[in-house]
Amino acid sequence: MPLDKYRAKRDFTVSPEPAGAEVRRAPRPRKRVFCVQKHLASRLHYDLRLEHDGVLLSWAVPKGPSLDPADKRLAVHVEDHPVEYGEFEGIIPDGYGAGVVMVWDRGTWEPEVDDVDAALAKGDLKLRLDGYKLKGSWALVRTRGWGGGRGAPRAPAEDDGRSWLLIKHRDEWSGALDITEFAPMSVKSGGDFVDILTAELPAFWLSHREGRGPAGLAASLAQIVEKVEKYEGRSIAVPAPAAPGRPVRKAKLARAPRRKPGTG
Ligand code: MN
């Protein structure tokens, strides 16, 4: 079933990521949505997602997209995501992909081939992007280990056909500008990872008062805060989690509020 892999990797009682509605494989218009999510997880990477047949086809691009046609950026094909995931920006508190997600670019895409499924099977998808940051003609090409040609990144040893290359075609939108450096912020909120984390924290604690309790999450959140501070080079004032029925108080993040056993 579509999205099975996506759902199996996540605990939606903990993560605010969308579980995804039932996938409807209705005929789609030629122009579909795309997004690139900048994801500060165990490592920073950029997730390119293309809407197709009711899901988001997804590739994790460690170095992010490049506007320079000479750059072949490794793009690891990962599991399909729900279409509504494309709007997700926020904190993944724990488990798979723990960290912060930013909507780095979004817009529409259209294939430059007649049959997307055939192009995917062949491992050569030509497409046009019309986002805020990424525009014009691109190619996603599957590579087999060392088959990507001179200068292509080496695929990991466990590569099982998941390694693709993301390449900009030469056109009026290509060039030497380092787009990830030049335009690092969210196109959804305008903020960087610090802003996103800070904005999401109150809702984060509210949504995690029930169920698991904040103890384990506080520790994992402390790690995320540290990662974000290090990446963005500025510090974050973090409010302590509020226990149900108690006022918010300042406390060390890693120290969870004491709770009576059985009160959840
Ligand atoms: Mn990711």
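Enumerate the pairs (first residue in the stretch 90-110 and on the phi > 0 side of the Ramachandran plot; second residue anywhere and among the aliphatic types (A, V, I, L, M) and within 11 Å of the ligand (Cβ to nearest atom)) with beta-carbon separation below 7 Å, excluding pairs fewer than 6 apart on the same chain, so at least 6 apart or on different chains.
If the second residue must be among the aliphatic types (A, V, I, L, M) and within 11 Å of the ligand (Cβ to nearest atom), the pairs left are G90/V101; G97/A41; G99/L40; G99/A41; G99/I92.
Would you mind listing the strands (runs of 3 or more DSSP E) fully within the stretch 16-119 where at least 2 residues are under 19 Å from S137 (Cα atoms)?
On the way: elements: 32-40, 44-52, 55-61, 73-82, 90-92, 99-111.
By residue number, 32-40, 44-52, 55-61, 73-82, 99-111.
Go through the stretch 84-99 residue by residue and tally those that are more than 14 Å from the ligand (Cβ to nearest atom) and surrounded by fewer than 21 Cβ atoms within 10 Å (Cβ to Cβ).
From the stretch 84-99, those more than 14 Å from the ligand (Cβ to nearest atom) are 84, 87, 93-94; that's our starting set.
So of that shortlist, the ones also surrounded by fewer than 21 Cβ atoms within 10 Å (Cβ to Cβ) come out as 84, 87, 94.
Result for the stretch 84-99: 3.
Scanning the stretch 159-211 for residues that are in contact with a Lys or Arg (Cβ under 8 Å, 6 or more places away or on another chain) and modelled with pLDDT under 95, which turns out surrounded by the most Cβ atoms within 10 Å (Cβ to Cβ)?
Applying the filter and picking the extreme gives D159.
Quick check on P62: is it touching a His at 6+ places or on another chain (Cβ under 7 Å), away from the ligand (no atom under 16 Å from the Cβ), at pLDDT 90 or above and not assigned by TED's automatic domain parsing to the domain that holds I224? Steps first, please.
Values: touching a His at 6+ places or on another chain (Cβ under 7 Å): yes; away from the ligand (no atom under 16 Å from the Cβ): no; at pLDDT 90 or above: yes; not assigned by TED's automatic domain parsing to the domain that holds I224: yes.
No, not satisfied.
Could you grab me the full set of residues in the stretch 28-45 that are buried (at least 17 other Cβ atoms within 10 Å of the Cβ) and either of a type in the set (G, A, S) or near the ligand (Cβ under 8 Å from one of its atoms) (or both)?
If the condition is that a residue be buried (at least 17 other Cβ atoms within 10 Å of the Cβ) and either of a type in the set (G, A, S) or near the ligand (Cβ under 8 Å from one of its atoms) (or both), then Q37, H39, A41, H45 are the ones that fit.
The values are calculated or read from the model by the stated rules, or taken from the named source; none is laboratory data. Remember, predicted model here, so these are calculated numbers, not experimental data. Cβ atoms come from the backbone with ideal geometry, glycine included; neighbour counts cover every protein chain shown.
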